[in-house]
Amino acid sequence: MKTLNPIPAALCTVALLGSALISGCGVGEASVADADTLLAATPVPVEIARPFRVDINATYVASASITSDHDAPVITRVSGEVVELAVEEGDRVEAGQILARLDGERLRLEMLAAKANLDRAQKEFKRNTDLHERGLVSSSLYEGSKFDLASLQATYDLTRLNYDYSNIRAPIGGVVSTREIKAGQNLAAGQVTFRITETAELMAYLQIPQADLAKFTAGNSAMLSVASMPNAEFAATIVRISPTIDVRNGTFRATAIIDNTDGNLAPGMFGKFTVAYEKHANALVIPTTALLDEDDESTVYVVQNDEVVRRIVETGFEENGRVEILNGLQDDDEIVVVGHSSLRDGSKVLASVFELDRFAG
């Protein structure tokens, strides 16, 4: 039920009570006690709700930078002029895909020369083999031709490999995150040309204090939020925890893996990870806004017969605007969620129903 316009009704009550008190006193004779009585008798507009049951988790919050475990620079193996760029930044590539081509004409000619020498050596070795089997060639000459053939085969393989290196290929699959070269540029061997980053699966290293280590195990789930998308959350999983402590800060390192198949996240983003390490099923919970901390005690105001009763409660886990109640409340209790700042034990209230979806996570 939703009570309409509670404030005008309360003001009417104040007016009626005020006129009654004034009519019973002489001018200037109203006392402080009369004012207290008036305030105590005036219903306070509040919003109420009942506790409800839901699964709730104990959580640990940590912040860390997002990175990729698959990030590789693309290095030139041979020198040459860039004659073609096959990809640009942002393109997705597969391992072994050609990213750019160098002028490899000199390398091609070296390969052809090595192939000609190899063909000649193969024919020479075949002839020497036939002669050696008939005893017409010495063993030393036969063995020498065999070693020459092996040497020329290696030379040809090397020149063929260098010629293939004039095609700059992706060492891993992923997204081209940077392009460092331009068409027409002369490159030296060992120069960085591109950087390939796999972004479908990202990771982060969370630092866990020693005192909290027992709460974590591989397989714990987590939710990630980033400043650039404040209304979005992304699933993550703790996959491993280092068994050794970092002497620099006294923490253990937990590795979190983030599914980024949709490509919404990028390496370098800074995120907040909320790790769920323990779960209470079917827990009795209330909005955190209903809870008051007074004198080292957690209390709520329970509505009974249009009055409030201050009640001490024992709390448990807190998550997404909800707090678990371990002791002190029943499922059918009606508690004040909004408007309890001016209440005290025994205050009259004019209640309306609080909309739970305003705080539900």
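The values are calculated or read from the model by the stated rules, or taken from the named source; none is laboratory data. Please read these numbers as outputs of a predicted model, since none were measured by experiment. We place every Cβ from the backbone using ideal geometry, glycine too, and count neighbours over all the protein chains shown.
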Which ones in segment 152-170 are outside any helix (DSSP H, G or I) and either farther than 20 Å from GLY104 by Cα or among the small types (Gly, Ala, Ser) (or both)?
SER166, ALA170
Would you be able to tell me the number of residues in segment 229-256 that are in a strand (DSSP E or B) and over 12 Å from ALA64 (Cα atoms)?
16
Return the total of residues in segment 44-94 being in contact with a helix residue (DSSP H, G or I) (Cβ under 8 Å, 6 or more places away or on another chain), surrounded by 16 or more Cβ atoms within 10 Å (Cβ to Cβ) and under 30 Å from ASP333 (Cα atoms).
5
Taking GLU110 as the residue in question, decide whether it is at pLDDT 95 or above, acidic (Asp, Glu) and more than 30 Å from ASP262 (Cβ to Cβ).
yes
Residue by residue through segment 235-275, note down the ones that are surrounded by 13 or more Cβ atoms within 10 Å (Cβ to Cβ), touching a residue at least 40 places away in the same chain (Cβ under 8 Å) and more than 22 Å from LYS215 (Cβ to Cβ).
ASP259, ASN260, LEU265, ALA266, PRO267, MET269
Can you run down the residue pairs with Cβ atoms below 7 Å, 6 or more apart or on separate chains, where the first is in segment 309-331 and touching a residue at least 40 places away in the same chain (Cβ under 8 Å) and aromatic (Phe, Trp, Tyr) and the partner is surrounded by 15 or more Cβ atoms within 10 Å (Cβ to Cβ) and part of a strand (DSSP E or B)?
PHE317/ILE56; PHE317/ASN57; PHE317/ALA58; PHE317/HIS280; PHE317/GLU324
Just to check your reading of the model, which residue among VAL247, VAL285, VAL300 is over 23 Å from VAL61 (Cα atoms) and of a type in the set (A, V, I, L, M)?
VAL300
Which of the numbered conditions does THR193 fail, given that it passes all the others? Conditions: (1) under 13 Å from the mean Cα position of the chain (by Cα); (2) among the β-branched types (Val, Ile, Thr); (3) not in a loop (DSSP other than H, G, I, E, B).
(1)
Hits in segment 261-282 - residues which are closer than 24 Å to ALA58 by Cβ and of a type outside the set (Ser, Thr, Tyr)
GLY271, LYS272, PHE273, VAL275, ALA276, GLU278, LYS279, HIS280, ALA281, ASN282
Among (1) in contact with a His (Cβ under 9 Å, 6 or more places away or on another chain); (2) surrounded by fewer than 16 Cβ atoms within 10 Å (Cβ to Cβ); (3) aliphatic (A, V, I, L, M), LEU292 falls short only on (2)
Scanning segment 111-152 residue by residue, those out of contact with any Leu (no Cβ under 8 Å at 6 or more places or on another chain) and either within 30 Å of ARG195 (Cα to Cα) or of a type in the set (Gly, Ala, Ser) (or both) turn out to be MET111, ALA113, ALA116, GLY135, SER138, SER139, SER140, GLY144, SER145, ALA150, SER151
Using the structure shown, decide if VAL323 is modelled with pLDDT of 90 or more, under 30 Å from ASN220 (Cα atoms), crowded, with 17+ Cβ neighbours inside 10 Å and not assigned by TED's automatic domain parsing to the domain that holds LEU213.
yes
Whichever residue in segment 113-154 is surrounded by 15 or more Cβ atoms within 10 Å (Cβ to Cβ) and hydroxyl-bearing (Ser, Thr, Tyr) and, among such residues, is modelled with the highest pLDDT
SER145
Does segment 303-334 hold any residues that are under 17 Å from ILE56 (Cβ atoms) and β-branched (Val, Ile, Thr), and which are they?
VAL313, THR315, VAL323, ILE325
Failed condition for ASN162, given (1) crowded, with 16+ Cβ neighbours inside 10 Å; (2) farther than 30 Å from HIS70 by Cβ, with all others met?
(2)
For segment 198-214, state whether one or more residues are among the hydroxyl-bearing types (Ser, Thr, Tyr) and more than 19 Å from the chain's Cα centre (by Cα).
no
For the subset of segment 185-216 comprising residues that are small (Gly, Ala, Ser) and in contact (Cβ under 8 Å) with a residue 24 or more places away in the chain, which member is farthest from ARG253 (Cα to Cα)?
ALA188
Of (1) at pLDDT 95 or above; (2) within 29 Å of LYS279 (Cα to Cα); (3) out of contact with any strand residue (DSSP E or B) (no Cβ under 7 Å at 6 or more places or on another chain), ALA204 satisfies every one except (3)
